[in-house]
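> One structure follows; several queries about it will come next.
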Amino acid sequence: MAGILIDKVAKQFGNAVALQEISFTVEDGEFVALLGPSGCGKTTLLRIIAGLEVQSSGKVMIGERDVSSLKPAQRGLAMVFQNYAVFPHMTVFENVAFGLRMKGADQARVEAKVRKAAELLHIEQYLERFPAKLSGGQRQRVAVARALAVEPAVLLMDEPLSNLDALLRLEMRAELRSVLREAGTTTIYVTHDQTEAMGLADRIAVMQGGHIVQIGAPTEVYSRPATRFVGGFVGSPPMNFVNTVAASGQARLGGLTLASPVDGPIVLGFRGEDAKLTDAAGGAPFTVRVAEPMGSHLLLTGRIGDDLARVVAPPAARIAAGETLGLALDPARIVWIDPETGRTHPGA
Amino acid sequence: MLQPRWLPYLLIAPSVAFLAALFLVPLGQTILLSVDGGQGFSLANYARMAGDLNFPTALRNTFALVAVVIPLQVALALVMGLMLQKMTRGRELVLWIWTIPLGVSDLAAGLVWLAILQDSGYLNTLLFQIGVISGPTAYLNSETPVALFFAVVLAEIWRATAIVLIILVAGIQLIPKGFGEAADIFGASPWTKFRRITLPLLKPSLQSALILRTVLAFEVFAVVYALGGRNFPILVGEAYTWQNENQNYGVAAAYAVLVMAISLAATIIYLKALRVDPETQG
Ligand SMILES: Nc1ncnc2c1ncn2[C@@H]1O[C@H](COP(=O)(O)OP(=O)(O)OP(=O)(O)O)[C@@H](O)[C@H]1O
Ligand SMILES: [Mg+2]
C-alpha cells in the first residue's frame, strides 16, 4: 500500500511563496497528473514529496507512514527529474542499473530489469553509449528508464516526455500508462501539456500560483472547471467566456435565453464543441472572423458581443469569414462564473 | 565576418615569445651546462651528483615528502571542499580564512613553524608550562630525523593545502546538484555517492590539482631550509648548496635537470592515470 497524503504543505523560499497550504491525497495505484503553468510550484511540490526539499510547514505521508522527516532514499520512491540528471560518467546501462545496484540486486536481475526498462523506452540500442552522445529526448528516456527499472511503489515524474516528438510521445504515453497500471504504481506526473494530462490521468490536479485550484477526474475538470482559469487552461481550444448581465434569473444573448443562478453581471462559460450552429435569429449571435479547417473539424474564431469565442463546426460546414451565425447551447453543458472571483457557481 | 585563421596565433605570440625568452632559453642553457664537461659533451656532472654522499638521502627525502604530503593534502582538501559545499552561510568567509596561508611566502611559512617548533619555541614553552616536558626538547636536528620530517610535513600541509582546496572547490561547484539528488533518491549512501558520483565527476579538477601540487612539492625548498637547514637534505636544497657553497654550477644544473625530469614524469603519469574521456563529462 503506497497512497500519498499531502497535508497542508507550504513552502517559502525566503520571502517568496512557492506553495500555499496544499492538501490532497493520491490513492494507492492511482495516477494523478499535476497540471499548471510554468512557475506554479509543480516541481517544488514533487521535490517536497521526494524529500529533496523541506516543506516550511505541513506533512507528507506515504503509505500510512509520516515521511516528512525521512531522507529521500527511505521514502521508497523513484523520480524522473525535469532536467533528467542522467549521470554523464556512466553508460546508459549503468545509469538505468543505478537504483538496482544501490539496492544490491545481483547481476542477472540487474541485466533483466535494465533490458526490460530499456526496451519499453526504445533505448536498448544505446545501452553501451555515454549520455553525452545521446539526443535530449534519448537522455530523457534514460531518466525514465532509470526510474522504472527499480519498480518503485511510488513514482514521481517531472515532465518526463516533454522533449520527445509528438508521435513518440503519444506512443510512450500509452506504454507508460499500461506498464504503471499493470504494476499498480502510485504515480504523480507533472506536465503542462493538458492533452497529456487528460489522456493519462485518473485524476488531474490543476495548480495555479502555488495552489491546487481543482482536483478531479479529467472529464470533470474539463467540463466543469472550478474557476475561469481552469476552464481557460484545460482543453484546446480553451473554454469560451461571454460577459453578460442576468435579470430575473435569466441571461439573454440575442435569441438565446438561459436560466442563470444569480442576477447582475455574470460570465457564461461553454466549450467550443458544445455549441450548435443555428440561424442568426435563433441563438447567441456569433460573428465569424476566421474559419480554420483542422481536418477533423472546422475551427471558427469570432466574437459574441465583445468577447472572443472559438466554436467547433463539422468539417464539411460551409462557413465564410464575416458571417454571423446563431449558437444554441445545452444548459447542462455550460457553467456560470462570478466575474469578480472567477469562481464557478455551484450546481447547474 | 570570419576571423582570419592566423589571428589566434598572432594573439598568443607575445606570451609564447615571453615564455621562450625567460623560460626555454634558461632551460636550454641549464641542460647544456649540466652536460658540459669542459671539452664537449660529458655526463661527469651527473656522475658527480649521483656519487655525492647526500644524493641518496636527498632523493629519498624528496620522494618521501611528496608521498606523504600529497595524499594528505588531497584528502584534506576534499573533505574541506565537501564541507564547504554543505554550508549555506559564511562559506566565503571560511574559504577566505582557509586560503590565508597562500598569501604567505614559503620562507615566511617556514619561519613561522620554526618559531613554533624550535628548542625554545612556542610548542616547548607550552609543553613546559603544562608540565609535559622538563626542559627544551629538540625536534629539528639531525638526531631527530622523524620529528624533523613530520615538522616539514606539517608546515607544508599548513602552507599549501589551500591551493588544492581552491582547485577542488571550483570543481565541486561545477558539478550540478541534480546528480547528487538523483543518487539520493535511488538510495546511494553518502560514501557511495562520494565514490561513484562526486569523485568521478571531479576527476578533471583532481588531475589539475595533483599535477600542480606534485610539481611544486618536488621543488620544495624554503620551508625545509628554514626548519632543518642541511639536516634534511632535499634535491632543490642540494642544487642550492652546489651552486652557492660549492660554486659548482655544473652539478647544480644536473640537480635542476633531474628535478625537472621528475616533475615531467609525474605530470605524464597523472595525465595517463587520470585520463578524462571527454565523452564521459558534461
Ligand atoms: N530554490 C529556489 N529558490 C527560490 N525560489 C525557488 C526555488 N525553486 C523554485 N523557486 C520558485 O518557486 C516557484 C515554483 O517553482 P517550480 O520550479 O516549482 O515551478 P514549476 O511549476 O515546476 O514550473 P515549470 O513548469 O517551469 O517547471 C517559482 O516562482 C520559482 O521561482
Ligand atoms: Mg518544474
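> Looking at chain B as a GNM with Cα springs under 10 Å, which of B:207, B:39, B:129 has the largest mean-square fluctuation?
Result for chain B, Cα springs under 10 Å: B:39 fluctuates most.
> Something else now. Explain nothing, just compute: Karplus ³J(HN,Hα) = 6.51 cos²θ - 1.76 cosθ + 1.60, θ = phi - 60°, for every residue of the stretch A:4-18 in order, whole Hz, x for Gly and Pro.
10, 10, 9, 10, 6, 7, 10, 9, 10, 9, x, 8, 7, 8, 9
> Additional query: Give me the distance in nm between label points sitting 7 Å out from Cα along the Cα-to-Cβ direction at residue B:244 and residue B:143, one decimal.
About 2.7 nm, to one decimal.
> Applying 1/(1 + (r/R0)^6) with R0 = 35 Å to the Cβ-Cβ distance of residue B:157 and residue B:50, what FRET efficiency is obtained, to the nearest 0.05?
0.70
> Quick check on packing: order B:237-248, B:221-232, B:18-29, A:11-22 by the mean number of other C-beta atoms within 10 Å, highest mean leading.
Top to bottom by mean Cβ count within 10 Å: B:221-232, B:237-248, A:11-22, B:18-29.
> Something else: Where in the stretch B:1-64 are there trypsin sites (Lys or Arg not before Pro) that are in a DSSP coil and have at most 12 other Cβ atoms within 10 angstrom of their Cβ?
Qualifying residues, ordered by number: B:5.
> For chain B, what does the alpha-carbon gyration tensor say about shape, rounded, prolate or oblate, given a ≥ b ≥ c as the root eigenvalues, a/c under 1.5 as rounded, and a/b over b/c as prolate?
Taking the square roots of the gyration eigenvalues as a ≥ b ≥ c, chain B is oblate.
> Of A:118, A:251, A:316, which has the largest mean-square fluctuation in a 10 Å C-alpha GNM of chain A?
Evaluated over chain A, the most mobile residue of the options is A:316.
> If one computes the Cα centroid of the stretch B:181-250 and of the stretch A:35-50, what distance in Å separates the two points?
46 Å
> Please report, to one decimal in angstroms, the Kirkwood hydrodynamic radius of chain A built from all distinct Cα-Cα pairs.
After inverting the mean inverse Cα-Cα distance, the result is 22.4 Å.
> Pull out the extension gain between residue A:177 and residue A:328, defined as 0.36 nm times the separation in residues minus the alpha carbon to alpha carbon distance; nm, one decimal.
50.6 nm
> Please list, short to long, the whole-number percent of alpha-carbon pairs of the protein assembly as shown in consecutive 10 angstrom bins beginning at zero.
3, 12, 16, 16, 14, 13, 10, 7, 5, 4, 2, 0, 0
> What does the helix-only formula give at 222 nm for the protein assembly as shown: each DSSP H stretch with n ≥ 4 adding -39500 (n - 2.57), the total divided by the residues, and the result rounded to the nearest 500 deg cm²/dmol?
Result for the protein assembly as shown, helices only: -14000 deg cm²/dmol.
> Starting from the Cα of residue A:116, draw a straight line to each of the lysines and keep only those under 19 Å, dropping any in the same chain fewer than 8 residues away.
Cα-Cα hits under 19 Å: A:103.
> Would you mind checking A:11/B:86; A:113/A:133; B:177/B:272; B:177/B:203; A:8/A:71 for any pair whose Cα atoms are more than 27 angstrom apart?
In this structure, B:177/B:272 lie more than 27 Å apart at Cα.
> Enter the Cα centre distance for the pair the stretch A:136-209 and the stretch A:56-92, rounded to the nearest angstrom.
Their Cα centres are 16 Å away from one another.
> Evaluate the distance, in nm, between pseudo-label points positioned 7 Å from the Cα of residue B:12 and of residue B:79 along their respective Cα→Cβ axes.
A separation of 4.0 nm, rounded to one decimal place.
> Rounded to whole Hz and in sequence order, give me ³J(HN,Hα) for the stretch B:218-227 from the Karplus expression 6.51 cos²θ - 1.76 cosθ + 1.60, θ = phi - 60°, writing x for Gly and Pro.
5, 9, 4, 8, 4, 4, 5, 5, 5, 7
> Pick from A:317, A:291, A:33: which is most flexible by mean-square fluctuation in a GNM of chain A where alpha carbon atoms under 10 Å apart are linked?
Result for chain A, Cα springs under 10 Å: A:317 fluctuates most.
> Taking the Cα of residue B:273, stepping 7 Å toward and past its beta carbon, and measuring to each backbone N in the stretch B:208-227: which are under 12 Å?
Answer for this model: B:210-211, B:214.
Values quoted throughout were computed directly from the atomic coordinates according to the rules given, and no laboratory measurement underlies them. Quick caveat, the model's predicted, so the values are computed rather than measured. No Cβ is skipped: glycine too gets one built from the backbone with ideal geometry, and neighbour counts run over all protein chains shown.
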